[in-house]
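Worksheet: one structure, shown below.
Bear in mind that the values in this text are calculations on the coordinates, not laboratory data. Not measured: the values here are computed from a predicted model. Cβ: placed from backbone, ideal geometry, glycine included. Neighbour counts: every protein chain shown.
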Ligand SMILES: Nc1ncnc2c1ncn2[C@@H]1O[C@H](COP(=O)(O)OP(=O)(O)OC[C@H]2O[C@@H]([n+]3cccc(C(=O)O)c3)[C@H](O)[C@@H]2O)[C@@H](O)[C@H]1O
Ligand SMILES: Nc1ncnc2c1ncn2[C@@H]1O[C@H](COP(=O)(O)OP(=O)(O)OP(=O)(O)O)[C@@H](O)[C@H]1O
Ligand SMILES: [Mg+2]
C-alpha cells in the first residue's frame, strides 16, 4: 500500500527520542516511575519495553487486568512480558468491579459498547490508584492510527499522563517493536481491544491497519485530496470518506472539554 518503515538509523533515533521523552515526562512531574496496563498486545508491550529502557525495571509497574472476555493467551502473554522485562506487576480482575457498576445501574447490562468501555474505565481507575499511591505517571499506549480515528475509550485507555508512542502509525509500532526485541508472536498478533467477545480492531473499523495508516498519512495528516489519495493508494472514495468521518467525529476525544467563552 505505502511503505512507512523507518531506516535503521531512524529506528535508533526514534528509540532514543521516545525513551528520552518518557524520562523527561517522569522528571518534569517529579515522579518515581510509571505504571501501565499490560494486555499482551503490541502497543502496551512496546510501551513497557521503552519505559524500562528509559526508567529501568524498578521504574515500571505493570497491571494485568483480566475481564470476563479476556483470552487466557493474552493474559498469560501479558504476564510473560512483565516477567521478561523483570518489572513488578499485579494481576487484578476487573469483572467484579464492572459487575458492581451494573448492579448499581442494571439498564446498561447487555449493552456491549457501554459495558466494554466501562471495563476500559475501570482499568483507568486502577492505573491511577497505583499512580497516586506510588508517585508514578500513567503511561498511555495509544498510537497515531487509533488516536486519529478515536479508536479508544474516552477516559478509559485514553485517560493517561502522556502518550509515548502517540505519533507512531501502527506499521511503525510493529517495526519499532521488532527492533527493540518484542517477541515475534506478539508483533504478529491480531490487534484487539478485547472489550467484548470476538472483537478485532480491523473488523470493527471496517478496514485493515495498512489501509488506515496509508489514508492517514496521505490525506488526514498529509496534503493529498480525496481524489489524489484514491488514485495513489488505489482505494475507493467510500473508504477515504469513512476515515475522514471517524477522524472528524472523534475530535472531541483529542481536545480538552470546552467551556462557554467568558462574557465580555
Ligand atoms: N461530539 C461530541 N462532543 C463531545 N463529546 C462527545 C461527542 N460525541 C460523543 N461524545 C461523548 O463521547 C462518548 C463516546 O465515546 P466513548 O465513550 O469513547 O465510546 P465510543 O467511541 O462509542 O466507543 C469506544 C470505541 O473505541 C474502541 N476502543 C476502546 C478501547 C480500547 C480500544 C483498543 O483499541 O484497545 C478500542 C471501542 O471498541 C469502540 O469502538 C459519548 O457517550 C459522549 O459522552
Ligand atoms: N486485560 C488488560 N489488562 C491490562 N491492560 C489492558 C488490558 N486490556 C487493555 N489494556 C490496556 O488498554 C490499552 C489499549 O488496548 P489496545 O488493544 O489498543 O493495545 P494493545 O492490546 O497493547 O495492542 P493491540 O492494539 O495490538 O491489541 C492496552 O495497551 C493496555 O494498556
Ligand atoms: Mg489489545
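Fewest neighbouring Cβ atoms within 10 Å first, the residues 128, 89, 155 line up as 155, 128, 89. Restricting attention to the chain, close to 0% of DSSP beta bridges with both partner residues there are antiparallel.
Radius of gyration (Cα atoms) of the range 8-200, expressed as a multiple of 2.2 N^0.38 Å: 0.98. Normalising the Debye intensity of the range 3-44 to I(0), with uniform scatterers on Cα atoms only, and taking log10 at q = 0.28 Å⁻¹ returns -0.95. Per-residue ellipticity at 222 nm computed for the chain from its helices equals -16000 deg cm²/dmol, with DSSP H segments shorter than 4 residues left out and the rest contributing -39,500 (n - 2.57). Computed FRET efficiency, Cβ-Cβ of residue 244 and residue 90, R0 30 Å: what is it to the nearest 0.05? With R0 = 30 Å, the Cβ-Cβ based efficiency is 0.15. Peptides 194-200, 103-109 ordered by packing proxy, namely the average of other Cβ atoms within 10 Å per residue, highest first: 194-200, 103-109. Stokes-Einstein, applied to the Kirkwood radius of the range 61-158 over Cα pairs at a viscosity of 0.692 mPa s and 37 °C, places its translational diffusion at 224 µm² s⁻¹.
Can you compute the label reach from residue 9? Point 7 Å from Cα along the Cβ direction, backbone N cut-off under 19 Å, restricted to the range 170-212. Only 176 fall inside the zone, counting backbone N under 19 Å. Listing 165, 215 from fewest to most neighbouring C-beta atoms within 10 Å gives 165, 215.
Our estimate of slack between residue 252 and residue 187, defined as 0.36 nm per intervening residue step minus the Cα-Cα distance, is 20.4 nm. Taking the number of Cβ atoms within 10 Å of each Cβ as an exposure proxy, the fewest-first ranking of 42, 97 is 97, 42.
Here the range 221-264 and the range 44-121 have alpha carbon centers that stand 30 Å from each other.
Here r is the Cβ-Cβ distance between residue 58 and residue 203 and R0 is 30 Å; the resulting FRET efficiency, rounded to 0.05, is 0.15.
Counting only DSSP beta bridges with both residues in the range 1-118, the antiparallel share comes to about 0 percent.
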